[in-house]
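S.K.: Have a look at the structure that comes next, please.
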Amino acid sequence: MSTNSFAETRDAASGQTEGIWSIGRLVTLAVLLIAIAIPFVAKNFLIFQLTLMIIYAIAIIGLNLLTGINGQFSLGHGAFYAVGAYTAAIMIDQFGASYLWTLPVAGILCFITGFLFGLPALRLEGIYLALATFALAVVTPQLFKLSPFEHWTGGIMGIVIGKPTAPLGLPLNDDQWLYFFSLFVAVIAYVCAKNLIGSRTGRALMAIRDNPIAARSMGINTALYKSLAFGLSALYTGVAGALGAIVIQFINPDSFHFALSVALLVGLVVGGVGWLPGAIFGAAFIVFVPNIAEEISKGLSGAAYGVMLIALMLVMPTGAGGLIRSGLRYLRGK
Amino acid sequence: MELLIQQAITGIATGGIYACMALAVVMIFQAIHHLNFAQGEMAMFSTFIAWQLLQWGVPYWVVIPATIVIAFFGGVVIERVVMRPFSKAPVLSHIVVFIGLFAIINSTAGFIWEFTIKPLASPFGEGSQLGGLISNHQIGMILVTLLVLVFLFVFFRYTRVGLKMRAAAENPESARLVGIPVSRMVSLGWGMAAAIGAIAGILIAPIVFLEPNMMLSILLYGFAGAVLGGLTSPPGAVIGGFAVGLIETMAGTYIPVIGGELKLPIALVLIVGVLTFKPTGLFGRTIVQRV
C-alpha cells in the first residue's frame, strides 16, 4: 500500500495530469486484482482459455512493438511463434530441460531469427513487407515438416510434452499454476515494453515510424533500429510461443497454420495499433469471438467471424484503444 | 535430356496456373494499389458457381461467359458494399478487411458445397499432345492466359476506359480533376479482377481439384510470379508466373533435398529474394516517392 500512497502524493503534486494518472493506475490495479482472483472462482476450462488469452496478449504486444511503434507490417508472426514453441518443445522433449529455461532460450533464438528476417525486410515497405511476411506465414508449417529435421521436430506427428505442476507445494492445480505463470511473464513483458517505448530506443523507433527520412537525418541508424524492432517483436512472440507449447502440451506443424499469423494481426488491430493495453482486448477477441461465431452458426462460423471483423473495422477503425480514448475525451467534455 | 524437356513442359504448364493468378493479382494492384488476400477465395467461389451450373446440365460454352459475368458483378458488389466505406482507411485496416472477406467467402463456399474435393471437367476435353507430354487442357490454359494478357494489354494501352482506369489508380486526385469518375473506375477494376480470377479458377480447377481451400498455395505462387515480374506490369506477371512454374518443377526434380515437400518454401525464397534484390521485379517500373 505504501507505493500506492506515494503515487497519490506525486500525482497531487504534479497537478494537471492528476486525473489521468490516478484513473490509469486504478484501472491497472483493478485489472490485476481481477486477473489474480479469477482462477479461484472459474472452471478449469475457462482458466485454460484465459491462459491462452494471456499468451496471445504477449505475442500481440510484440507485434505492436513492430507495427504500432515502428510502423512495419507483419503477416507472418506465426512463424516466430512456431520457432518459440518448437524451441520449448524440443528442449523439454529431447534434453529434459525444465520449462522455465525454455522461455529465455526461445526468446533469444527468436530475437536472432527476427533480426535476420528484419535485414531483408529493411528494403521493403508497406504492402511489399506484408507480402513477404504473408509468404513466411503460409510456408511455416511446411518448413517444420521437412524430413532432415524430423528427428527433432517429430515431423507431422509433432511433439507431446508433459504438464508442469505448481512448485514449492503451492496449493494450486496445474491449470491455475500455468495461468499465474503466464500472467507473471505477461506483466514483466508489458512493463518492459512500456519502458522500452519511453526510452531513447522507443523514441527512435517512433521517429522512424512517423518520418523515416527525418529520423535518418537526425542521426538515427534506421537500418539497425528497424531490424532491432523486428528482433524484439520476434522475441516477444517467441516467448509467447514457448508458453503456448507448455500450456497446450502438444505441437505439430499444422498448429502454426497461416490462420495463426492472421489471428495475431487481427488481435493487434482490434486492440488498437500502438496502444499496448489493447493487447488484452485483441487477445480476448481472437480466443473468444471464434467460439461466439460458432454459436451463431455451426456451418457458417467463418462467415460470421468475417462479418464481425469487418463490422468492427467499420464502427471502431482504431480498435479498442481508439474507442476508449474517444470515450475518455467525451467524459472529460473536451 | 528427355527428362529435362519433359520437366520443362510440365513446368510451363504449371506456370500457366500461376501466370493466370499473377495476372489477376497485378490487375487488382493496378486498380486499387492493394494486394487482395481474398483474391484466391473470390476465384474459388466463381469456380464453384461454374461447377454448380455444369451440375445443373448447362453446357460449357454457356457456363464460361455466365460465370465471368457473375464474377464481374460479384467483384463490383464487393467493392461497392464492403470496400467503399474503407476507401480512406489505412493499409492495415484494408488487410484486416481482406482477412474478413477471406473468412466469409471460404466459409460460405464450404457451407454451400462442403469441403470434399470435387473434379471439374476441362473445357478443352480430355486427350493430350506430343506423345502424352502435355494435355489438351494445359495447352488450352496457356493459350487462354496469353489471350487474356493480349486483351488486357490492348485494353489498358489503347482504349479510353483503360487509360482512365490507369489514371484513376495512379493519381486519384488529378484524375478526378480532369473528369474521370474515379470511384466507378475502382469498381470496374474489382469487377475485372474478379472476372480474370474466375477464368483462372476454371482453368486451374481441372488440375488441382475443386475445394474451398484450393487457392491458398496457388495464390502464394501467383504472388511470387507477380513479384518476380513486377507488380506494375501485367506482361511481367505472366512471364513471372511461367518462370515460377519452371523454377518450382526444376528445383523439385534436380535438387534432391527439395523434392515434393519443399516446393512451397521456394515461393517464399523467390518473393523475399526478388523483393530484397530487385523490389520492382524484372519488368516493373521504379516508383519514385516525392519527399
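The values are calculated or read from the model by the stated rules, or taken from the named source; none is laboratory data. All values reported here derive from a predicted model rather than from experimental measurement. Ideal geometry is used to build each Cβ from the backbone, glycine not excepted, and the neighbour counts take in all protein chains shown.
S.K.: Looking at the stretch A:309-318 only, could you name the residues that are outside any loop (DSSP other than H, G, I, E, B), under 10 Å from A:VAL269 (Cβ atoms) and within 8 Å of chain B (Cβ to nearest Cβ)?
M.R.: Within the stretch A:309-318, A:LEU309, A:MET313 meet the criteria.
S.K.: Got a sec? Which of B:LEU246, B:LEU220 is assigned to a helix (DSSP H, G or I), within 14 Å of the chain's Cα centre (by Cα) and not basic (Lys, Arg)?
M.R.: It is B:LEU220.
S.K.: Sticking with this one: Answer yes or no: is there a residue in the stretch A:138-149 that is basic (Lys, Arg) and closer than 22 Å to A:ILE248 by Cβ.
M.R.: So far as the stretch A:138-149 goes, yes, one or more of its residues are basic (Lys, Arg) and closer than 22 Å to A:ILE248 by Cβ.
S.K.: OK, next. If you check B:SER233 against the conditions, is it modelled with pLDDT of 75 or more, within 11 Å of another protein chain (Cβ to nearest Cβ), surrounded by fewer than 21 Cβ atoms within 10 Å (Cβ to Cβ) and in contact with a helix residue (DSSP H, G or I) (Cβ under 8 Å, 6 or more places away or on another chain)?
M.R.: no
S.K.: Here's a follow-up. Quick one: is A:PRO141 touching a His at 6+ places or on another chain (Cβ under 7 Å) and either modelled with pLDDT of 80 or more or on the phi < 0 side of the Ramachandran plot (or both)?
M.R.: yes
S.K.: Does B:GLY110 fit the bill of being touching a residue at least 12 places away in the same chain (Cβ under 8 Å) and within 19 Å of the chain's Cα centre (by Cα)?
M.R.: No: the conditions fail for B:GLY110.
S.K.: Criterion first (under 24 Å from A:PHE73 (Cα atoms), among the hydrophobic types (A, V, I, L, M, F, W, C) and more than 8 Å from chain B (Cβ to nearest Cβ)) does A:LEU323 satisfy it?
M.R.: yes
S.K.: What are the residues in the stretch A:20-39 that are in contact with a helix residue (DSSP H, G or I) (Cβ under 9 Å, 6 or more places away or on another chain), exposed (fewer than 13 other Cβ atoms within 10 Å of the Cβ) and at pLDDT below 80, if any?
M.R.: Scanning the stretch A:20-39 gives A:ILE20, A:ILE23.
S.K.: Filter the stretch B:55-93 down to the residues that are closer than 22 Å to B:VAL208 by Cα, crowded, with 18+ Cβ neighbours inside 10 Å and not β-branched (Val, Ile, Thr) and list them by number.
M.R.: The one that is closer than 22 Å to B:VAL208 by Cα, crowded, with 18+ Cβ neighbours inside 10 Å and not β-branched (Val, Ile, Thr): B:ALA71.
S.K.: Under the condition of being closer than 18 Å to B:LYS88 by Cα and part of a loop (DSSP other than H, G, I, E, B), which residue from the stretch B:143-190 is modelled with the lowest pLDDT?
M.R.: That would be B:ASN171.
S.K.: Kindly establish whether A:PHE256 is in contact (Cβ under 8 Å) with a residue 12 or more places away in the chain and surrounded by fewer than 23 Cβ atoms within 10 Å (Cβ to Cβ).
M.R.: For A:PHE256, the condition - in contact (Cβ under 8 Å) with a residue 12 or more places away in the chain and surrounded by fewer than 23 Cβ atoms within 10 Å (Cβ to Cβ) - is not met.
S.K.: Looking only at residues in the stretch A:146-181 that are within 14 Å of chain B (Cβ to nearest Cβ) and more than 25 Å from the chain's Cα centre (by Cα), which one is modelled with the lowest pLDDT?
M.R.: Within the stretch A:146-181, the match that is modelled with the lowest pLDDT is A:SER147.
S.K.: Can you name every residue in the stretch B:204-217 that is more than 11 Å from the chain's Cα centre (by Cα) and farther than 17 Å from B:VAL272 by Cα?
M.R.: Selection gives B:ALA205, B:PRO206, B:ILE207, B:VAL208, B:PHE209, B:LEU210, B:GLU211, B:PRO212, B:ASN213, B:MET214, B:LEU216.
S.K.: Can you confirm whether A:PHE45 is more than 14 Å from chain B (Cβ to nearest Cβ), surrounded by fewer than 22 Cβ atoms within 10 Å (Cβ to Cβ), modelled with pLDDT of 85 or more and part of a helix (DSSP H, G or I)?
M.R.: no
Here's the yes/no breakdown for (1) within 19 Å of B:LEU92 (Cα to Cα); (2) at pLDDT below 80:
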site: A:THR222; (1), (2): no, no
site: A:TYR225; (1), (2): no, no
site: A:LEU228; (1), (2): no, no
site: A:ALA240; (1), (2): no, no
site: A:GLY267; (1), (2): yes, no
site: A:ILE296; (1), (2): no, yes
site: A:MET308; (1), (2): yes, no
site: A:TYR330; (1), (2): no, no
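S.K.: Mind checking which pairs have a first residue in the stretch A:282-308 that is within 11 Å of chain B (Cβ to nearest Cβ) and a second that is among the acidic types (Asp, Glu), Cβ under 7 Å, 6 or more apart or different chains?
M.R.: A:SER301/A:GLU294
S.K.: While we're looking at this one, here's another question. Given the conditions (1) within 21 Å of B:GLY281 (Cβ to Cβ); (2) surrounded by fewer than 21 Cβ atoms within 10 Å (Cβ to Cβ); (3) within 14 Å of another protein chain (Cβ to nearest Cβ); (4) not β-branched (Val, Ile, Thr), and given that B:ASN213 satisfies all but one, which numbered condition is not satisfied?
M.R.: In the conditions (1) within 21 Å of B:GLY281 (Cβ to Cβ); (2) surrounded by fewer than 21 Cβ atoms within 10 Å (Cβ to Cβ); (3) within 14 Å of another protein chain (Cβ to nearest Cβ); (4) not β-branched (Val, Ile, Thr), B:ASN213 misses (1) alone.
Okay, residues lined up against (1) touching a Leu at 6+ places or on another chain (Cβ under 8 Å); (2) more than 10 Å from chain A (Cβ to nearest Cβ); (3) within 18 Å of A:ALA311 (Cβ to Cβ):
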| position | (1), (2), (3) |
| --- | --- |
| B:SER46 | no, yes, no |
| B:VAL91 | no, no, no |
| B:ILE105 | no, no, yes |
| B:GLY127 | no, yes, no |
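S.K.: Name the helices (runs of 4 or more DSSP H) wholly within the stretch A:197-275 that hold at least 2 residues that are at negative phi, within 14 Å of chain B (Cβ to nearest Cβ) and of a type in the set (Lys, Arg)?
M.R.: Here the list is empty.
S.K.: Let me ask another. Which residues, taken from the stretch B:98-127, are assigned to a loop (DSSP other than H, G, I, E, B) and surrounded by 12 or more Cβ atoms within 10 Å (Cβ to Cβ)?
M.R.: Correct list: B:GLU114, B:ILE117, B:LEU120, B:ALA121, B:SER122, B:PRO123, B:PHE124.
S.K.: Which of the residues spanning the stretch B:22-37 are away from chain A (no Cβ under 12 Å) and at pLDDT 75 or above?
M.R.: B:ALA22, B:LEU23, B:ALA24, B:VAL26
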